[in-house]
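Q: Below is one structure. I have some questions about it.
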Amino acid sequence: MAVRKDSPLIVGLGDGENFLASDIPAILNHTRRTYILQDGEIAEITANTVKVYDMDGNPVAKEVYEVTWNAEEAEKGGYAHFMQKEIFEQPKALRDTLAGRLDAENLEVNLPEIEENLEFYKSLNRIFISACGTAYHAGLVGKYLLEKLVRIPVEVDVASEFRYRDPLIGRNDLLVVISQSGETADTLAALREAKKRGARVLAVTNVVGSSVSREADDVIYTWAGPEIAVASTKAYTTQLLVMYLFALYLGRVKGTIDEKFYKEMVSGLKEIPQKVQEVLDAEDKVIEFARKHLTKEDAFFIGRGLDFAVSLEGQLKLKEISYIHAEAYAAGELKHGTLALIVKDVPVIALATQEALFEKMLSNIKEVNAREATILGIAFAGKKEIAKVTDEQIYLPRVPELLAPILAVVPLQLLAYHMAVLRGNDVDKPRNLAKSVTVE
Ligand code: M6R
């Protein structure tokens, strides 16, 4: 006997066997014929019969739903690609990563993962962050947050460099390694190098039981769920989220963070899954921009501070799946060389979410505008000034501006995705790349 109550439940109709499952992919290897139970429906099942009743015990005549898609498509849950599905799963992934760590009532962050060794965390001298690719970009945002909120010097290295640079790391230092898979060879080697030198290692990873999680001293998991597409999306935003939680937690215990600001940030984090959903809902604007530029072979991403860190992630995403040559620049650096490449109609994505840097950013955008580039501006709602110096704009819903990276990266992910689709590329398996880089 089975009853569907709130959570999904389906019946698979086999030959001399029947099945119960929470979703279709689980039974596709056995049968394609199913009953989709409605809430409150009761199923009575034997090997050869399936009867369905309502809550009052009246028989319900169910229609057989014949599944026409294959297991892989089923796992994509109706999306064309895993990457698209994973981009749209971000609100859920963020909610899951916040669960149990954000006390919504008292507006507090709890990190039981590091509480046991709080004395170490309170007294540590320096923080190092090491990771590869997208995870490294999350580390760059982490540096900014930790230095601002905890007032501790932070060094960030790509893991393949860290392990060979004879790093000055030792006791009382912390190495944070960030890795979706937890199996990246260089990241693992950085972890081992730091441990050898006496440092404590905190891993931020998405895979329970991975090598990184087993070898680190402490682990904070991102609960993003499996990430299948080679291009990392929901892993990145959940890694960012963990960086916010960690910096806020540490800032509070070390007394380096103003209480009012702390509460504003926690309250902002509480809203962040919903705000990401709002950005996703504005997908059409990105598709429009992608359509206009799909034949271009170069693109530039510019920003300052946190926006520069996000620009780096935007250019990597575009490169790896659309194969368009893309570069990210700290906007202030443009006139030191790269401005020579900005010519008529080159697409430039300009991020301007940071108030203190906004005027500076506007003047950098004007420099690009004067060379007749086509500019997509990304700023918070209400920053209308951006419209005067850019061709198209995406406005992000308001959150405390330090949280901007989690929102600002979403249109960049969508841009890369749509460019790649429109160019006919294999989005989930881009050429020359593997999901997990377990060799050096
Ligand atoms: O599994 P990891 O997070 O350690 O992987 C690190 C990089 O290989 C990964 O982020 C890579 O850069 C992605 N393909 C980017 O989308």
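The values are calculated or read from the model by the stated rules, or taken from the named source; none is laboratory data. Fair warning: this is a prediction, and the values are worked out from it, not measured in the lab. Using ideal geometry, Cβ is built from the backbone for each residue, glycine included, and neighbour counts are taken over all protein chains shown.
Q: Name the single residue that is surrounded by the fewest Cβ atoms within 10 Å (Cβ to Cβ) among those in the stretch 328-337 being more than 16 Å from the ligand (Cβ to nearest atom) and within 23 Å of Ala290 (Cβ to Cβ).
A: Tyr329
Q: If a residue must be at pLDDT below 95 and not in a loop (DSSP other than H, G, I, E, B), how many such residues does the stretch 193-211 contain?
A: 1
Q: When Ala43 is evaluated against the numbered criteria (1) modelled with pLDDT under 95; (2) surrounded by 12 or more Cβ atoms within 10 Å (Cβ to Cβ); (3) of a type in the set (Gly, Ala, Ser), which criterion, by number, is the only one it fails?
A: Condition not satisfied by Ala43: (1).
Q: Can you name the condition, by its number, that Arg214 falls short on among (1) within 14 Å of the ligand (Cβ to nearest atom); (2) without any contact (Cβ under 8 Å) to a residue 40 or more places away in the chain; (3) assigned to a helix (DSSP H, G or I)?
A: Answer for Arg214: the failing condition is (1).
Q: Out of the residues in the stretch 409-440 meeting the condition of being under 23 Å from Gln239 (Cβ atoms) and acidic (Asp, Glu), tell me which one is modelled with the highest pLDDT.
A: Looking at the filtered set, the residue picked out is Asp428.
Q: Looking at (1) farther than 19 Å from Gly314 by Cα; (2) part of a helix (DSSP H, G or I), can you tell me which one Val409 breaks?
A: For Val409, the failing item is (1).
Q: Would you please name the residue that is nearest to Ala138 (Cα to Cα), looking only at residues in the stretch 152-190 that are within 11 Å of the ligand (Cβ to nearest atom) and aliphatic (A, V, I, L, M)?
A: That would be Ile178.
Q: Given the residues Gly77, Gly12, Gly57, which is the only one that is without any contact (Cβ under 8 Å) to a residue 24 or more places away in the chain and either among the charged types (D, E, K, R) or under 23 Å from Val207 (Cβ atoms) (or both)?
A: Residue meeting the stated conditions: Gly77.
Q: I'd like the full set of residues that are more than 12 Å from the ligand (Cβ to nearest atom) and in contact with a Leu (Cβ under 9 Å, 6 or more places away or on another chain), limited to the stretch 311-324.
A: Within the stretch 311-324, Ser311, Ser322, Ile324 qualify.
Q: Given the condition within 16 Å of the ligand (Cβ to nearest atom) and either in a helix (DSSP H, G or I) or not assigned by the TED database to the domain that holds His293 (or both), answer yes or no: does some residue in the stretch 384-393 qualify?
A: no
Q: Inside the stretch 394-440, can you point out the residues that are more than 16 Å from the ligand (Cβ to nearest atom) and among the aromatic types (Phe, Trp, Tyr)?
A: Tyr395, the sole residue that qualifies.
Q: Looking at the stretch 130-151, which of its residues are away from the ligand (no atom under 13 Å from the Cβ), β-branched (Val, Ile, Thr) and under 22 Å from Gly303 (Cα atoms)?
A: Listed by number, the list holds a single entry, Val141.
Q: Exactly one condition in (1) more than 16 Å from the ligand (Cβ to nearest atom); (2) modelled with pLDDT of 95 or more; (3) not in a strand (DSSP E or B) is false for Phe300; which is it?
A: The failed condition is (3).
Q: Of all residues being within 17 Å of Gly100 (Cβ to Cβ) and within 11 Å of the ligand (Cβ to nearest atom) in the stretch 219-237, which is modelled with the highest pLDDT? Just the residue, please.
A: Ranking the qualifying residues of the stretch 219-237, first place goes to Thr222.
Q: Within the bounds of the stretch 351-359, is there any residue that is among the aromatic types (Phe, Trp, Tyr), outside the structural domain of Leu146 (by the TED database) and not in a helix (DSSP H, G or I)?
A: Restricting attention to the stretch 351-359, the residues satisfying the condition of being among the aromatic types (Phe, Trp, Tyr) are 358.
Imposing the further condition that a residue be outside the structural domain of Leu146 (by the TED database) reduces the set to 358.
Filter once more, keeping what is not in a helix (DSSP H, G or I): none.
Among the residues of the stretch 351-359, not one is among the aromatic types (Phe, Trp, Tyr), outside the structural domain of Leu146 (by the TED database) and not in a helix (DSSP H, G or I), which makes the answer no.
Q: Can you name the condition, by its number, that Gln315 falls short on among (1) modelled with pLDDT of 95 or more; (2) in contact with a helix residue (DSSP H, G or I) (Cβ under 6 Å, 6 or more places away or on another chain); (3) closer than 22 Å to Arg423 by Cβ; (4) of a type outside the set (Val, Ile, Thr)?
A: (2)
Q: Of all residues being out of contact with any Lys or Arg (no Cβ under 9 Å at 6 or more places or on another chain) and over 15 Å from Ser311 (Cβ atoms) in the stretch 393-412, which is surrounded by the fewest Cβ atoms within 10 Å (Cβ to Cβ)? Just the residue, please.
A: Pro400
Q: May I ask you to list pairs of residues, at least six apart or on different chains, whose Cβ atoms are under 6 Å apart, with the first in the stretch 395-416 being farther than 22 Å from Ala356 by Cα and the second being of a type in the set (Ser, Thr, Tyr)?
A: Gln413/Thr233; Ala416/Ser322
Q: Among the residues of the stretch 312-332, which ones are acidic (Asp, Glu), over 16 Å from Ile375 (Cβ atoms) and in contact with a strand residue (DSSP E or B) (Cβ under 9 Å, 6 or more places away or on another chain)?
A: Within the stretch 312-332, Glu313 is the sole residue that qualifies.
Let's see how each residue does on (1) assigned to a helix (DSSP H, G or I); (2) of a type in the set (Phe, Trp, Tyr); (3) within 21 Å of Glu271 (Cα to Cα):
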site	(1), (2), (3)
Leu94	yes, no, yes
Thr97	yes, no, yes
Gly100	no, no, yes
Phe120	yes, yes, no
Ile127	no, no, no
